[in-house]
Amino acid sequence: MEIVIVNDADTAGTVVADIFDHAVRSGARTLGLATGSSPLSVYRELARRHREEGLSFAGLQAFLLDEYVGLPDGHPESYAQVIRTELVNHLDLDSARVFSPNGTTGDPFGAAAAYDRAIAANGPVDVQLLGIGANGHIGFNEPTSSLTSRTRVKTLTEQTRIDNARFFESLDDVPRHVITQGLGTICDAGHLVMIATGEHKADAIAAAVEGPLAAVCPASVLQLHPHATVVVDEAAASKL
Ligand code: GLP
């Protein structure tokens, strides 16, 4: 695993944008996208490079890590909508080729399996962006997720719902269920790139990078991957 420690959050965003920029210019076909606040500096920088430097995403496709179950299509906090607002609308990436699990169907279990099959059939993901939850989750693979899990329905921990309540009017509005790529699905990507900034991520980063490989810290699965890069600012690296 490669650990890159930089001074601040903006620089972390630039370093990760460099990795995506290089992948795109080198012929990557499929990007793996993530939501949450951590990737936003990356997305801002990629949008700037598209606008000012002609970085083109035409012809690429992208798969999102996860989605809430039960939010209606177009809900501002559904991850499909968030990724449009934060990234896709600012690039020349064809929005019809940006895929996410279908959280609106009456059969989320079938939707999860179909999404896993779609990634396997149309992938692999060349470069996958990842954030990390304060409890070490990636995507929505909460602690004790199988390290070889595939895309499936998961129940959020109370802590994750509280952490994500800031995006909703109240805690009651945060869905309880999600569809997430499994840890095994995520590890099928060619290059995993994690970004974490701020002191509140320091324990999770220490457990993921230096702790044992263990389902209680889902992000520790990066230790198994042949090409994983973790980009952190000094605050998130403070317990390494
Ligand atoms: C959510 C997302 C994860 C993300 C995590 C951390 O739970 N499903 O993909 O990594 O939040 O979010 P943030 O970057 O806002 O701290």
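Every number here is computed from the coordinates shown, using simple stated rules; none is lab data. Only a predicted model underlies this, so the values are computations on that prediction, with no experimental measurement involved. Here the Cβ positions follow ideal geometry from the backbone for every residue, glycine too, while neighbour counts run over all protein chains shown.
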GNM on the chain, Cα springs under 10 Å; top mean-square fluctuation among Ala96, Ala214, Ala204 goes to Ala96
Return the distance in nm (one decimal) between the two label points of a simple spin-label model at Ala118 and Leu171, each offset 7 Å from Cα along Cα→Cβ.
-> 3.3
When DSSP beta bridges are limited to those with both residues in the chain, what percentage is antiparallel, rounded to the nearest 5?
-> 25
Listed residues Gly59, Gly139, Gly184, most fluctuating in the chain (Gaussian network, C-alpha, under 10 Å) = Gly59
Give me the distance in nm between label points sitting 7 Å out from Cα along the Cα-to-Cβ direction at Ser146 and Arg84, one decimal.
-> 3.4
Multiply the residue gap between Thr157 and Glu77 by 0.36 nm, knock off their C-alpha separation, and tell me the result in nm, one decimal place.
-> 27.0 nm
Length added when fully stretched, His227-Asp10, from 0.36 nm per residue minus Cα-Cα | 75.8 nm
Where does the charge balance sit around Gly190 when Lys and Arg score +1, Asp and Glu -1, over other residues with C-beta under 11 Å from its C-beta?
-> -1
Mean-square fluctuation maximum in Gaussian network of the chain, Cα pairs under 10 Å, restricted to Ile205, Ile179, Ile19, hits Ile19
For Ala219, net neighbour charge (Lys/Arg +1, Asp/Glu -1) across residues whose Cβ lies under 12 Å away | -2
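Under 8 Å for C-alpha pairs, at least 6 residues apart: give me the relative contact order for segment 1-110, rounded to a whole percent.
Working: 133 pairs, mean separation 29.1, N = 110.
Taking the mean separation of contacting Cα pairs over the length of segment 1-110, I get 26 percent.
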For a footprinting-style exposure proxy, rank Met194, Met1 by other Cβ within 10 Å, fewest first.
-> Met1, Met194
